[in-house]
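Structure, as structure tokens:
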Amino acid sequence: MFNKKVTIAVASLAFLLTGCGNNSSKPSSQQPVKPFSAKVTPSDDGIKQQISGSSTKGDKVYYQVADGQKDTTTVKNKKFTISLPAALNTRKVTVSQKQNLSKPIKVTVSKPTAVISSAKFAKGFNGAKKMDAKMPTKMPKLDRPMNIMFSPVTTYRILSNQTTIYSIQLEITDVASSETKANIGATAAGLGIKNADLTDLVNKAKKNKGTKQTKDINGYHLTTLVDGKKLTVNVTK
């Protein structure tokens with residue numbers, strides 16, 4: 001009888017301890033926000049790179065790229081994002097909750113992941129024969145995205161080190177333009193993906209204006225957005 005009571009007591013205690021452990025745990029979405037954090041996070045914008053983090057002090061976060069000018073970004077719901085122009089050079093960014101940049105977090109922003117070779121993209125793009133203008137097989141050597149205007153309506157912004165493309169942003173100022181179909185087809189051909197897949201993503205953006213539509217296809221991260229009349233298509237990895 002004594003052993004039976006001990007067994008029951010131990011079992012009851014184990015049950016209570018297990019219950020207490022479950023009650024004290026929280027889903028990841030309810031975990032407390034860190035007082036201050038900052039790290040590089042993926043960007044859906046082909047010509048931007050970003051740092052995201054949390055801050056529980058104040059409504060602003062201060063930052064400085066290398067030895068450039070100090071700048072600020074707004075904290076909303078204890079979260080913030082710092083948006084930087086995409087670049088091929090590695091940059092050191094100082095992020096702080098204080099205007100004098102004291103007690104900072106140092107973040108290293110490296111160049112984006114390569115998307116495709118310039119020659120391969122141009123071969124597919126031009127080979128589709130969707131338009132008279134040609135995509136260059138070799139880009140000028142620039143650290144920042146370059147603009148290639150195909151018409152007053154259509155612009156390609158490309159980050160490249162001449163032979164390799166690191167990001168692409170296609171902007172068409174009027175999504176209803178007859179140029180939209182041709183450029184979407186040429187871009188899909190340049191990437192080596194199905195025209196129907198990219199067209200479908202653009203159509204979703206048309207139906208959901210103001211909301212980004214994203215999809216990973218053949219290793220590419222594709223984002224479309226229709227804001228007013230303007231269509232943007234971003235390609236990153």
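The values are calculated or read from the model by the stated rules, or taken from the named source; none is laboratory data. Since the model is a prediction, treat every value here as computed from it, not as a measurement. Every residue, glycine among them, receives a Cβ derived from its backbone with ideal geometry; neighbour counts consider all protein chains shown. Remember, those area values only see protein heavy atoms, side chains included, never the ligands or the DNA or RNA. Shrake-Rupley method; radii C 1.70, N 1.55, O 1.52, S 1.80 Å.
Just a few scattered comments:
- The accessible-area ordering, largest first, of the residues Asp200, Asp67, Asp59 stands as Asp67, Asp59, Asp200, per a 1.4 angstrom probe.
- Relative contact order of region 41-164: 20 percent, from C-alpha pairs under 8 Å at least 6 residues apart in sequence.
- Entry note, the chain: relative contact order of 15 percent, from Cα contacts under 8 Å with a spacing of 6+ residues.
- The accessible surface of region 146-236, taken with every protein chain in place and a 1.4 Å probe, is 47 percent carbon and sulfur.
- Rounded to the nearest 20, the Cβ-based charge dipole of the chain about its Cα centre (Lys and Arg +1, Asp and Glu -1) stands at 580 debye.
- Of the accessible area of region 35-109, computed with a 1.4 Å probe over protein heavy atoms only, carbon and sulfur atoms account for 47 percent.
- Total lysine pairs in region 121-188 at Cα distances under 22 Å, for residues eight or more apart or on different chains: 9.
- Solvent-accessible heavy-atom area per residue, rounded to whole Å², over region 146-236 at 1.4 Å: 43
- Å² per residue, accessible surface of region 35-109 at 1.4 Å: 56
- Each other residue within a Cβ distance under 13 Å of Leu222 adds +1 if Lys or Arg and -1 if Asp or Glu, for a net charge of 0.
- Selected from Ser160, His221, Ala186, residue furthest toward positive end of dipole (region 146-236; charges at beta carbon): His221
- With the convex hull of its Cα atoms as the shape, region 35-109 has an orientation-averaged projected area of 4.7 nm².
- Expressed as a fraction of 2.2 N^0.38 Å, the value expected for a compact globular protein of N residues, the C-alpha radius of gyration of the chain is 1.42.
- Orientation-averaged projected area, Cα convex hull of region 146-236 (nm²): 5.4
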